[in-house]
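Scroll down for the structure; my scribbles are underneath it.
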Amino acid sequence: MPAPDPIAELESRVAFQEDAIDKLSDVIARQEKDIERLTRMVQILNTQIKQIDGGPITDVGDQLPPHY
């Protein structure tokens, strides 16, 4: 059995790596869009909470329980 051609082996590896990089790039682009969308949603929800509550969001740990 003849040894595989080293150039052909390298070309095959490069092709595989290029495909993997393209797929990862697509995933990153989708994740960036998701992060931007989720960031906007959090900003909108914070605004809505502030409008309902009438002030900034406070830490629940700083408030006294209702029985005091």
>> What pairs come out if I take residues in region 18-46 that are assigned to a helix (DSSP H, G or I) and pair them with residues that are of a type outside the set (A, V, I, L, M) whose C-beta lies under 9 Å away, six or more apart or interchain?
In response: none
>> Quick test for you: out of Gln48, Gln31, pick the one residue that is of a type outside the set (D, E, K, R), at pLDDT below 95 and surrounded by 10 or more Cβ atoms within 10 Å (Cβ to Cβ).
In response: Gln48
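The values are calculated or read from the model by the stated rules, or taken from the named source; none is laboratory data. A quick note: this is a predicted structure, and the numbers were derived from the prediction, not measured. No Cβ is skipped: glycine too gets one built from the backbone with ideal geometry, and neighbour counts run over all protein chains shown.
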